Amino acid sequence: MTLFSIAQHHARDSRGRSHGHIISITVAGALAMAAVALVAYLLWPTWIPEDPGAPASLPVSIGGTLFNVPTAAVRMKIQRHSGSQERVDLSFNFPSLEPPGATKHLSGDAAGEPLPPIDRIFLSITAHHDAMAPDTRVRTIYPRYLEEQSRRGPDGLTIQAFREGTPYGREDLFLASEPSLAARCSRDAATPGMCLSERRLAGADLTFRFPRSWLVRWREVAGAMDRLATQLHGPRE
């Protein structure tokens, strides 16, 4: 009886370990699917049909700085109002820079499908509250984490990798002077690499996001960011 009890105990223990492995694999798979769905949601948000009676543009004050924002470009319904706001998130078709025209919906089945090519440039405008300016960060903070060697990119662009193990590991810094461009970009992996480029306008910081693959035409991208800043705020003072 003792041997039989021990055998039963080992059988139950083996089944328990096997069951635990199945649960671990299931949880890991669910987390991976959730991560893909999150990226898809961020890149392709659910667009709420625009109210036909809504104004074409909204005067919005961010950090005490006035912007004239196209209503159709605002990504979140809660931000679709005039007046003072802390932050506004926008999206524009590229290269036309028109607000998105078609309503897009993300279904549950889309999480397992490849992401469609990104044809939009994303822009977040936030009040900076005297935080470090983006150009100061490029000059004084980023160099601490960069590799010593740089390389030439397309059409005169300079590329410098961030060191592994730093806060910006697995990213690269792209710089150009004419036209001016500074973009920190993640590398292509399970999802396409994305770039972040920032600039300051009075009391607000503008953060542009676009696919890394667009840098083969970086002059056009730099010009698009300049035009958007001018359209929303006016010429630089």
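Could you grab the pairs with beta carbons closer than 9 Å, sequence gap of 6+ or different chains, first residue in the stretch 143-156 and outside the structural domain of ASP172 (by TED's automatic domain parsing) and under 17 Å from LEU181 (Cα atoms), second one in a strand (DSSP E or B) and of a type in the set (A, V, I, L, M, F, W, C)?
Sorted first by the residue in the stretch 143-156, then by its partner, the list stays empty.
Kindly check whether there is at least one residue in the stretch 227-235 that is in the same structural domain as ILE125 (by TED's automatic domain parsing) and either touching a helix residue (DSSP H, G or I) at 6+ places or on another chain (Cβ under 8 Å) or part of a strand (DSSP E or B) (or both).
no
Scan LEU206, LEU215, LEU173 and give me the residue that is at pLDDT 95 or above and either over 16 Å from the mean Cα position of the chain (by Cα) or part of a helix (DSSP H, G or I) (or both).
LEU215
So which of TYR145, TYR168 ends up being surrounded by 14 or more Cβ atoms within 10 Å (Cβ to Cβ), of a type in the set (Phe, Trp, Tyr) and touching a helix residue (DSSP H, G or I) at 6+ places or on another chain (Cβ under 6 Å)?
TYR168
Taking TYR41 and the conditions (1) modelled with pLDDT under 55; (2) of a type in the set (Ser, Thr, Tyr); (3) in contact with a Gly (Cβ under 7 Å, 6 or more places away or on another chain), which numbered condition does it fall short on, given that it satisfies the others?
TYR41 satisfies all of (1) modelled with pLDDT under 55; (2) of a type in the set (Ser, Thr, Tyr); (3) in contact with a Gly (Cβ under 7 Å, 6 or more places away or on another chain) except (3).
In the stretch 125-142, what residues are farther than 26 Å from THR230 by Cβ and loosely packed, with under 14 Cβ neighbours inside 10 Å?
THR140, ILE141, listed by residue number.
Could you check LEU196 against (1) part of a strand (DSSP E or B); (2) among the aliphatic types (A, V, I, L, M); (3) over 15 Å from SER180 (Cα atoms) and say which number it fails?
The number of the failed condition is (3).
Picking from GLU178, GLU220, which residue would you name as being at pLDDT below 95 and either buried (at least 21 other Cβ atoms within 10 Å of the Cβ) or over 18 Å from the mean Cα position of the chain (by Cα) (or both)?
GLU178
Return a yes/no flag: does the stretch 176-198 have any residue that is of a type in the set (A, V, I, L, M), in the same structural domain as THR65 (by TED's automatic domain parsing) and in contact with a Gly (Cβ under 9 Å, 6 or more places away or on another chain).
Scanning the stretch 176-198 turns up at least one residue that is of a type in the set (A, V, I, L, M), in the same structural domain as THR65 (by TED's automatic domain parsing) and in contact with a Gly (Cβ under 9 Å, 6 or more places away or on another chain).
I want to confirm something. Restricting to the stretch 151-162 and keeping residues that are surrounded by fewer than 14 Cβ atoms within 10 Å (Cβ to Cβ) and in contact with a strand residue (DSSP E or B) (Cβ under 7 Å, 6 or more places away or on another chain), which single residue is nearest to PHE92 (Cα to Cα)? Lay out the reasoning, then the answer.
Of the residues in the stretch 151-162, the ones surrounded by fewer than 14 Cβ atoms within 10 Å (Cβ to Cβ) are 151-152, 154-156.
This time we only want the ones that are in contact with a strand residue (DSSP E or B) (Cβ under 7 Å, 6 or more places away or on another chain), so: 151-152, 156.
On the way: ARG151: 31, ARG152: 29, GLY156: 27 Å.
Once the filter is applied, the top-ranked residue is GLY156.
The values are calculated or read from the model by the stated rules, or taken from the named source; none is laboratory data. Keep in mind the model is a prediction, meaning the values are calculated, not measured. Cβ: placed from backbone, ideal geometry, glycine included. Neighbour counts: every protein chain shown.
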